[in-house]
Every structure is written in C-alpha cells, then in structure tokens.
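Reading through the structure tokens given below for one structure.
The values are calculated or read from the model by the stated rules, or taken from the named source; none is laboratory data. All of these numbers come straight from a predicted model, not from anything done at the bench. Positions of Cβ are generated from backbone atoms using ideal geometry, with glycine treated the same way; all protein chains shown enter the neighbour counts.
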C-alpha cells in the first residue's frame, strides 16, 4: 500500500460514489487500501458520503475496515457516525467494524460522537449492537456527559433509558452529566437529569456544585432552575467559596441579586 498519486483517483471516485470508475481502478491493479496524497482512504471517503453500495464494494474487495485517515485518525465507522449515515454504520457493524474504536486525539468512540451531535438513531443502533454505554474518552467523559454538555435532551433520555451511569465522573475536573449541563446553561438537560435522579449537589474535584458552576459562569437560567429544584445555596467548595462569593468574584451582578434573594451568604 502506498501514499500518493496511485490513490488519488481511487479515493476521488469513492468519494463521489462512482461505482463503475472504482471497479475500473481496482481492476487496473491498484490496491483498495491505497492512500491518496492527503492521507485519505477510499473506504472512509465512501463512508463519509453515505455511499453504502460503494462501502460494500470496497469491503468485498478487501478494504481494511479499521484503516484510519491521517488527519483525524478515525475509522470508517467513526466517520460514518460523524456524518450521520445510519445505514452505513449498520453495514460496517455487520461487516465486523470495531464498535469500540476511538479516534486518536480525544479518544472518542462512535457512541461519543453520536452523543455530541445528538444523533438518536445512531445511538440506538450503536447501543443495540453492543457499544459500551459508559465507555470513556481520554478525559473520562461518557456519551451521557457529552449529550448533557450539548443539551441534546432526546439523546440524553435514550442513554439514560439504556442504563447510562448518571453519576459517572470525568477524570479532569470531576464533572458529572449534571455539572456538564450546568456549565453550558443547558436547562432542558438539567431538568431531564434531575427528573431521572441525578444528585443536585454532586461535587467536582474542587468541591464545586452545579449551582456554584452556573453562578460563576453567569448562567442565570441554570441558577434559577437549580435553586427552584432545591440546590444547596450555601454549599462551599474546597476554598470555602459559595455560589454567592463566586458570583461576586466573577462580577456576575444579576446572579448575585438572585442568590441574595434566596438567602445566600
């Protein structure tokens, strides 16, 4: 297998879904696993475009199902997930693609990426095919944390219904799904998580709660919601800061007023 001009035509035609052109190129003796001058593979380019017949042809011709591109270091399964092609994902899994394969930079699997994008159909497919629902990326984040972070409520609810650990904690900051949602002011996700039993006063590594995090970031909607749902208003972090003191430090005046009306000190 080489890299360069021999692969350029193959990869280009696979990207376009041109079946006859690819058959012709392969018949000329070029390897199905040839890489083009930019490090792209025919199978991955076909998967990106959702060209399911092309993907099938390339696999039947011996394409490496776990081959990776140079830039993102993703497999065909990862790329099909990123681009939202459920039928292609199904085919790749049926052909034996590694469901736990992760891209190299952040260690995100297909399930993580489906959660990031709120692709409920792909989450259903991946979980039904045996994806580890609580698998971790390099920073210990789960698919549920990613769905919460981006506020994808339907994705979040599916993951919870499939048994995702609602109190899982990441490696870097000690964030749970609830803390992730609070950090981005995703009130819909906060409600879904609390309704599913998430602990409202769970703590990060520095002992900050979701209320503290929302307060210091100036997320008024999240602060109001968390207070309405019973968050401990005067909890202290490892430096003895409260939500109120953090809001003052970060000059979040509207948050200060809200907290003081709730008896914060």
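Return the pair list, or none, for Cβ contacts closer than 8 Å from residues in the stretch 140-151 that are touching a residue at least 12 places away in the same chain (Cβ under 8 Å) and on the phi > 0 side of the Ramachandran plot to residues that are in a loop (DSSP other than H, G, I, E, B) and surrounded by 24 or more Cβ atoms within 10 Å (Cβ to Cβ), at least 6 apart or on different chains.
From the stretch 140-151, the pairs are 151/186.
Condition check: modelled with pLDDT of 95 or more and more than 22 Å from residue 184 (Cα to Cα). Does residue 137 satisfy that? So that I can check it myself, show each step before the final result.
Working: modelled with pLDDT of 95 or more: yes; more than 22 Å from residue 184 (Cα to Cα): no.
So residue 137 fails the test.
Could you tell me whether residue 100 is in contact with a strand residue (DSSP E or B) (Cβ under 8 Å, 6 or more places away or on another chain) and closer than 27 Å to residue 38 by Cα? First the steps, then the outcome.
Details: in contact with a strand residue (DSSP E or B) (Cβ under 8 Å, 6 or more places away or on another chain): yes; closer than 27 Å to residue 38 by Cα: yes.
When the stated conditions are applied, residue 100 passes them.
Which numbered condition in (1) within 26 Å of residue 24 (Cβ to Cβ); (2) within 16 Å of the chain's Cα centre (by Cα); (3) part of a loop (DSSP other than H, G, I, E, B) is the only one that residue 84 fails?
The single condition residue 84 does not satisfy is (1).
So residue 58 passes all but one of these: (1) surrounded by fewer than 23 Cβ atoms within 10 Å (Cβ to Cβ); (2) assigned to a helix (DSSP H, G or I). Which condition number does it fail?
The number of the failed condition is (1).
Applying the selection to the stretch 225-238, what residues are under 32 Å from the mean Cα position of the chain (by Cα) and either assigned to a loop (DSSP other than H, G, I, E, B) or surrounded by fewer than 16 Cβ atoms within 10 Å (Cβ to Cβ) (or both)?
Taking the stretch 225-238 and keeping what is under 32 Å from the mean Cα position of the chain (by Cα), we get 225-233, 235-238.
Hits for the stretch 225-238 are 228, 229, 230, 231, 232, 233, 235, 236, 237, 238.
Condition first: buried (at least 19 other Cβ atoms within 10 Å of the Cβ) and assigned to a loop (DSSP other than H, G, I, E, B). Now tell me which residues in the stretch 88-100 satisfy that.
Selection gives 97, 99.
Only one of these is in contact with a strand residue (DSSP E or B) (Cβ under 8 Å, 6 or more places away or on another chain), at pLDDT 95 or above and under 28 Å from residue 119 (Cα atoms): 42, 63. Name it.
Working: 42 fails: in contact with a strand residue (DSSP E or B) (Cβ under 8 Å, 6 or more places away or on another chain).
Unique residue meeting the criteria: 63.
For the stretch 106-171, please list each of the helices (runs of 4 or more DSSP H) lying entirely inside it that holds at least 1 residues being outside the structural domain of residue 221 (by TED's automatic domain parsing) and out of contact with any helix residue (DSSP H, G or I) (no Cβ under 8 Å at 6 or more places or on another chain).
Working: elements: 110-116, 120-128, 143-150, 153-161.
Counting at least 1 such residues, we get 120-128, 153-161.
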